[in-house]
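Working notes for the structure below.
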Amino acid sequence: MSQHASLDYRIITEIVEPGSKVLDLGCGNGELLYLLAKEKSAVVQGIELSDEAIYQCVEKGLSVFHSDIDSGLTEYPDKSFDYVVLNQSLQEVKKIDFVMDEALRVGKKAVIGFSNFAHIQARFMMFFRGKAPITKSLPYRWFDTPNVRFLSISDFKDYCAVKGFKILQVRYLGKEKEVRLWPNLLALNAIFVIQK
Amino acid sequence: MTLKSESIGLVKQQYFTFAEPPNELKLDSGKTLGPITIAYETYGELNADKSNAILVVHALSGDAHAAGFHEGDKNPGWWDDLIGPNKALDTGRYFVICSNIIGGCKGSTGPSSINPKTGKPYALDFPIITIGDMVRAQKHLIDYLGIRKLLCVVGGSVGGMQVLQWVASYPKSVQSAIPIATAAKHSPQQIAFDEVGRQAVMADPAWNQGNYYDSSKPERGLAVARMIGHITYMSDKSMEEKFSRKLKDKDYSFKFTTDFEVEGYLRYRGDNFVKRFDANSYLYITKAMDYFDLSGAKLIPKDKSIDVRFLVISFKSDWLYPSYQSQDIVRQLKIRGVDATYCEINSTYGHDAFLLEVEEETRLIKHFLKKTFHGYNIAR
């Protein structure tokens, strides 16, 4: 396992079984997919909107579609992938219900990674300073954030309950390692493995 | 590290003849054609296991001369920017083949070729051909060269249609496919533009039902067809940038002469084209484009599974072959679970972009080919 990879990539690479078929929605420059292909011999496909990121994916030898996440999945037959990954891209999705339902239609399981809006640092900023939170995992200011969704770990658990998604595994991420205690307060990021 | 890209230097056209009677090639129309000569060029060396061959397929007015220089020529082949040492189609690694399509007029058998039955040019006795027929003929050339499986088939526009046809007709003979700025079928708008071009040729009295080979050629008609073509190859923006409303002289002439630079450009392009292209070939090839339809499930027949990697490329400002047509191709690939990459290159050049956006295409094609040839390890 590459030691240079960031914690979330390392955890997702741990989760995915060797030889899995993986679709990454909002795959960025393809670093995670490259890791999955190299370390887990995964058969990988990305979907990404940014021009430059597309070139970087192709340079890594990855297969990627130039498209937005909200419209990219309709053609795939049911259960085409073992995993559909939305890592740090859920916050930018407009049609959440549609994308989540689609992800769990074309994927047997979904891996959802997002920044925790209820992290203690965010709470302090809101409560004491009266300002929109800026944290390690949410580094943007209100006017330059690509995020349109702000959710906490508890919020996402509630959402899964309402939607009837089964949570198979949750991993809570701190700055450098995983967090065990009070995740909704102390985890910067969370990675959920869910199933319909 | 960027290695220096160079030209491959002097190249020569070669010829391959097959389908000698009675073994003529059966065409989609039900007719037959033979003997057939194919003009082709090759660049680079075929490796020992013949696994490094790339077939480049050309567009409407293209030819087999894709790269390098012919003796005495000032200009290189039509895709020299992408083919050569250390270029996207690296001739140090790959064996690149480009052949002139049948129905063309650049050395392969077409309406201007001599009909062995009459000793005169075929003219309209030449059978109507399809993109499927063009590819069928190319397959004979590839077999003759001893290549069982092409590493890649790549081409833009009508070339892109041939790429798709290769996958549909010979899925086992293709390892990867790069259709650029193309469509799985011609839309009514595309058919309409082609028909206007054909009508321009046929309205020229010199066309004479196609029998002009021993008299004056239908130059005006073909030039007008080419002028219309050139408008569709550019974009509103690229024309604004290139010509704006610039005048050839200081002031309006108040005559029907060429006042605007854009008029001069189109006339120049039209006049130049008739020197190098046969009007009947223009009719036959545009007809083949209009008949082309591998839309929906036709691209990959339901009973066949294919193991072909795809790189589909479109250009944002291309309104002749708009991105949605490339996305239609991609949609079919997704349905069939085919390994594919799609990129819409941000370009203002319109359809011409596939000949002009060298840097972007190189970035995509070079790495896509490396991955296809070597797998992940070399790709990084």
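Values quoted throughout were computed directly from the atomic coordinates according to the rules given, and no laboratory measurement underlies them. These numbers were taken from a predicted model, which means no experiment stands behind them. Note that each Cβ is placed from the backbone with ideal geometry, even for glycine, and that neighbours are counted across all protein chains shown.
Among B:151, B:311, B:356, which one shows the highest mean-square fluctuation when chain B is modelled as a Gaussian network with alpha-carbon springs under 10 Å? Fluctuation is largest for B:356. Could you give the angle, 0 to 90 degrees to the nearest 10, between helix A:31-40's Cα long axis and the longest principal axis of the Cα atoms of chain A? Long axis of A:31-40 versus the principal axis of chain A: about 60 degrees. Orientation-averaged projection of the protein assembly as shown equals 32.6 nm² [convex hull of Cα atoms, one quarter of hull surface area].
Give me the tail of P(r) for chain B as a percent: Cα-Cα pairs with distance above 28 Å. When every Cα pair of chain B is considered, 46 percent fall beyond 28 Å.
Computed from backbone phi, the HN-Hα couplings of segment A:60-66 come to 7, x, 8, 9, 8, 9, 7 Hz, rounded to whole numbers (Karplus: 6.51 cos²θ - 1.76 cosθ + 1.60, θ = phi - 60°; Gly and Pro given as x).
Shielding by partners for peptide B:367-375, expressed as the average number of C-beta atoms from other protein chains within 10 Å of each residue's C-beta, is 3. Between A:179, A:58, A:44, the residue with the greatest mean-square fluctuation in the GNM of chain A (Cα pairs under 10 Å linked by springs) is A:58.
DSSP beta bridges fully contained in the protein assembly as shown are about 40 percent antiparallel. The C-alpha radius of gyration of segment A:120-196, expressed as a fraction of 2.2 N^0.38 Å, stands at 1.19. If you take the Cα centroid of segment B:55-91 and the Cα centroid of segment A:46-95, the two points sit 34 Å apart.
What does the charge count near residue B:286 come to, summing +1 for each Lys or Arg and -1 for each Asp or Glu among other residues with Cβ under 12 Å from its Cβ? Charge balance in the 12 Å sphere: 0. Assuming charge only on the beta carbon of Lys and Arg (+1) and of Asp and Glu (-1), the dipole of segment B:1-75 about its Cα centre is about 100 debye to the nearest 20. At the listed q of 0.21, 0.27, 0.30 Å⁻¹, the Debye profile of segment B:242-302, built from one uniform point per Cα, gives log10 I(q)/I(0) equal to -0.86, -1.06, -1.16.
Of the two radii for segment B:191-286, the radius of gyration is 1.03 times the Kirkwood radius, both from the alpha carbons; that is the Rg over Rh value. Taken over segment A:82-136, the ratio of Cα radius of gyration to 2.2 N^0.38 Å equals 1.47. With all pairs of separate Cα atoms included, segment A:7-195 yields a Kirkwood hydrodynamic radius of 16.9 Å. When each of B:152, A:160 is scored by the number of other beta-carbon atoms lying within 10 Å, the sequence from fewest to most is A:160, B:152. Highest GNM mean-square fluctuation among B:139, B:255, B:12, for chain B modelled with Cα contacts below 10 Å: B:255.
With K and R counted +1 and D and E -1, the other residues having a Cβ less than 12 Å from that of residue A:95 yield a net charge of -4. Residues B:352, B:293 in ascending order of nearby Cβ atoms (within 10 Å, fewest first): B:293, B:352.
Arranged from fewest to most other beta-carbon atoms within 10 Å of their beta carbon, A:180, A:149 become A:180, A:149. Basic side chains Lys and Arg get +1 at the Cβ, acidic Asp and Glu get -1 at the Cβ, and with that the dipole of segment A:7-195 about its Cα centre reaches some 860 debye.
The longest stretch of chain A left intact once loop-based chymotrypsin sites (Phe, Trp or Tyr not before Pro) with at most 15 other Cβ atoms within 10 Å are removed from consideration, loops following DSSP, is A:1-139. For the cross-link pairs B:26/B:87; A:196/B:172; A:95/B:334; B:74/B:237; B:298/B:370; B:87/B:237, the ones whose C-alpha atoms lie over 32 Å apart are B:26/B:87; A:196/B:172. Once backbone amide H atoms are built at 1.01 Å from N, residue B:176 has B:152, B:153, B:309 as its partners under 5 Å, excluding neighbours fewer than 5 places away on the same chain. Counting only Cβ charges, +1 for Lys and Arg and -1 for Asp and Glu, the dipole size of the protein assembly as shown around its Cα centre is about 1440 debye.
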